Amino acid sequence: MDPQSLSALGRELLKTPLGPLAVVGGYVLAVMAGMPIVVLVSVGALIFPPWPGVAWCMLGTIVGAIVTYGIGRYASADTVEGWTQGKLAPLARHLERRGLVTVITIRVLPLAPFIVMNLSSGALRVRLRDYVLGTFIGLIPAHIMLFYFVDSLSRAWQKPSLSTFVGLGACVLLLGVGFWLLRKKLKPVA
C-alpha cells in the first residue's frame with residue numbers, strides 16, 4: 001500500500017492495451033458494490049498522478065453511476081423504495097421539480113450515498129441528460145479537492161518539510177472552508 005508503488009502500478013496499468021478499460025471497469029464494479037465515493041476517489045488519488053488521475057476517476061465514477069442508474073431505471077420505483085428503506089419519497093419530490101439542481105446538490109453534499117442516488121434517479125425516471133450533467137458538475141469539486149488532499153498528504157509523508165506541511169495545512173483549510181460554504185449555500189436547495 002506504499003503510495004509510490006501504487007502510483008507506479010497505476011502508470012504501468014494505463015500503458016497496457018486494456019489498461020484504461022480495466023480502470024473504468026474497476027470503478028464500475030466498485031460503484032455497483034456500493035463503495036463510498038470518497039473511498040473511490042482516494043484510492044484513485046493514491047494510484048494515479050493528480051491530473052490524469054482526476055480524469056480517469058471521473059470517467060470511472062460517471063460510467064459506474066450511469067450503469068447503476070440503468071439498474072434503477074430497469075427496477076421499479078417500489079423495488080428501489082425497498083432497497084433505500086423508504087427514503088425515496090422525499091427525494092422524488094425534489095427530483096420532479098428540479099432534477100438537475102437536485103442531482104448537483106446531492107453530489108456536492110453528502111445527503112445520500114452514491115449508489116442510493118444512482119438507483120433512485122433511475123427508478124424515478126430523472127432525465128438521463130440532467131442526471132449525467134448533474135453528476136459531472138457535482139463531482140468535479142470533490143474529485144479535484146480529494147486528489148489535491150491525498151497528493152499533499154503523500155508528499156508530507158514521503159518528504160516531511162515545512163513546505164509540505166504548509167501545503168497540507170492549506171489543503172485541509174481549503175477543504176474545510178469549501179465544504180462549509182457549499183453546505184451553507186446549497187442547504188436551502190435540498
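Listed values for segment 10-26 are Karplus-derived 3J(HN,Hα) couplings in whole Hz (6.51 cos²θ - 1.76 cosθ + 1.60, θ = phi - 60°), namely x, 5, 5, 4, 5, 7, 6, x, 9, x, x, 5, 5, 5, 4, x, x, and x replaces Gly and Pro. Counted by neighbouring Cβ atoms within 10 Å, the residues Leu174, Leu162 run from fewest to most as Leu162, Leu174.
Note on Trp180 and Ala55: the extension gain reaches 42.5 nm, defined as 0.36 nm multiplied by sequence separation minus the Cα-Cα distance. Rounded to the nearest 0.05, what FRET efficiency is calculated for Tyr74 and Leu133 with R0 set to 22 Å and r the Cβ-Cβ distance? Computed FRET efficiency for Tyr74 and Leu133: 0.55.
With each label modelled as a point 7 angstrom along the Cα→C-beta vector, the Leu21-Ala33 pair spans 2.1 nm. Distance from the C-alpha centroid of segment 28-68 to that of segment 99-137: 16 Å, rounded to the whole angstrom. Charge dipole of segment 3-186 (Cα centre as origin; +1 on each Lys and Arg Cβ, -1 on each Asp and Glu Cβ, all else neutral): 440 debye, rounded to the nearest 20.
Rule-based calculations on the coordinates, nothing more; no lab input. No experiment lies behind these values; they were computed from the predicted model shown. Methodologically, a virtual Cβ is constructed for each residue, glycine included, from the backbone with ideal geometry; neighbour enumeration extends over all protein chains shown.
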